[in-house]
Each structure stands twice: as structure tokens, then as C-alpha cells.
Amino acid sequence: MSLFPADFDAFALLAQAAEAAGPQIDGPFVIRLLSRVVHIMFAIIIGGGLFYLRAVLAPAGADACFANRRTVWARWVGIATFFLIASGLYNYIMFVREAKAAGAPLPSAYHMLFGVKFLLALFVFFVAAILAGKTSLADKFRGNMGRWLNLAWTAVMAIIIIGAMMRTYH
Ligand code: HEM
């Protein structure tokens, strides 16, 4: 005598369970995923670029940092700044809304972390832009290239730690 009815289909049950457990692949899901991928990608571009400038090029002097292609890096700093702010704000709004809709609004600690992360990011964007700038002020900042890159890279590390901490809230 079998424990299961004659028409019991274990595979169908497993497939149902897997579908129920996995994410609902729809439009909003794809946009959220894209926004996270874009955020991480441009975090790598600006963070990695600053790290490479600090660890490899800056010890050889400010002129060695851009190989006469300063404007190319300046353009990427601008593009990364735009996409990090856009995807960051979108991620923030969606996480706050989602938590509220689930009846468990994110605590003030989350918003405080976001605020600190945003200010640190503005500092990183400023340093990356001014070091790649064409003004006399940019020349002055490049005079202390190593120190500004140290500060910017330390801020990038702090931003990544805060991003990982924020993720633990949802
Ligand atoms: C240098 C600039 C930045 C870097 C290197 C950076 C890096 C990161 C990283 C690595 C994460 C974790 C990604 C994940 O696991 O999904 C993250 C998450 C996030 N970032 Fe940024 N980010 C930067 C700027 C910004 C800006 C300007 C904003 C806001 C306008 C922002 C808002 C967020 C939000 C809301 C999250 C999601 C946190 C969560 O899971 O609750 N980020 N960021």
C-alpha cells in the first residue's frame, strides 16, 4: 500500500516549491536588479580608478596619473557620479517604500547610515572630479595628489562597509 495517492507527482510539487521560494521575475524585479547592478558597476569604476591612481600611478607624480588622457577619466568620473546618485536614490526610495508597505518601516539608524554614505560619496565625487579637473584649483589639489587619494580611497572603503551594513536591515 503506497503512502501517496496514485496521481502524486513529486516533481510537480518540487517545481511549485521552487517557484514559490524564488523571486517573482517581472518588470519591477528586472528594474531593481538593473539598478543594483548599475550601482555596483559604477562603484567599481570610481573606486577602482581611485585605488589604481593611488597605489600605482600617484607615486610617479601627478603628470604620470593620466597619460595625457585626463579628460577621459574626468568624463568617466562624471558618468559614474550621475549613475551612482540615480541608482542610489532609486534603491533608497524602493527599500524605504518596500519596508513601509510590509508594515515594518526601516529604523532611523538606516536613514542615518544612508545620510553618512551620501555625504561620503559627495566627498569622493568632489575629490575624483577636482583631481581630474582643468582649473588652477585642480592643479593645487594635484600638488597633494597622494594625500587626497588616500582620503578618497578611505572614504570609498567606508562607503562599501556602510552599504553592506545597510543591506542587513532588509
Ligand atoms: C563613491 C560612491 C559610492 C559607492 C562606492 C557605493 C557603493 C555601494 C555598494 C558597494 C553598495 C552595496 C551594493 C549591494 O550589495 O547591493 C551600495 C548600496 C547602496 N548605495 Fe551606494 N555607493 C556610492 C554612492 C551612493 C550614493 C551617491 C547613493 C545615494 C544617492 C547611494 C545609495 C545606496 C543605497 C540606497 C544602497 C542600498 C543599501 C541597502 O541595501 O539598503 N550610494 N553602495
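The values are calculated or read from the model by the stated rules, or taken from the named source; none is laboratory data. What you see is a predicted model, and the numbers here were worked out from it, not measured in a lab. All Cβ positions, even for glycine, are placed from backbone atoms using ideal geometry, and neighbour counts span all protein chains on display. All accessible areas refer to the heavy atoms of the entire protein, side chains included, with ligands and DNA or RNA removed. Shrake-Rupley method; radii C 1.70, N 1.55, O 1.52, S 1.80 Å.
The table that follows gives values for the structure above.
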quantity	calculated
Top-ranked residue in region 128-144 [being touching a residue at least 60 places away in the same chain (Cβ under 8 Å) and crowded, with 16+ Cβ neighbours inside 10 Å; ranked as nearest to the ligand (Cβ to nearest atom)]	Ala128
Some residue of region 95-107 being touching a Cys at 6+ places or on another chain (Cβ under 9 Å) and either over 15 Å from Gly47 (Cα atoms) or not basic (Lys, Arg) (or both)	no
Which numbered condition Arg54 fails, given (1) within 16 Å of the ligand (Cβ to nearest atom); (2) closer than 26 Å to Arg167 by Cβ	(2)
The one condition in (1) surrounded by fewer than 18 Cβ atoms within 10 Å (Cβ to Cβ); (2) within 14 Å of the ligand (Cβ to nearest atom); (3) touching a residue at least 24 places away in the same chain (Cβ under 8 Å) that Leu119 fails to fulfil	(3)
Qualifying residue in region 91-113 (condition: under 23 Å from Leu53 (Cβ atoms), near the ligand (Cβ under 9 Å from one of its atoms) and at pLDDT 95 or above)	no
Cβ-Cβ under 9 Å pairs, at least 6 apart or on other chains, region 27-51 side among the basic types (Lys, Arg), far side within 10 Å of the ligand (Cβ to nearest atom)	Arg32/Tyr90; Arg32/Asn91; Arg32/Met94; Arg36/Ser87; Arg36/Asn91
Test: residue in region 65-73 that is open to solvent by less than 50 Å² (accessible area, probe 1.4 Å) and farther than 23 Å from Ile40 by Cβ	yes
Among (1) away from the ligand (no atom under 15 Å from the Cβ); (2) assigned to a helix (DSSP H, G or I), the one test that Ala67 misses	(2)
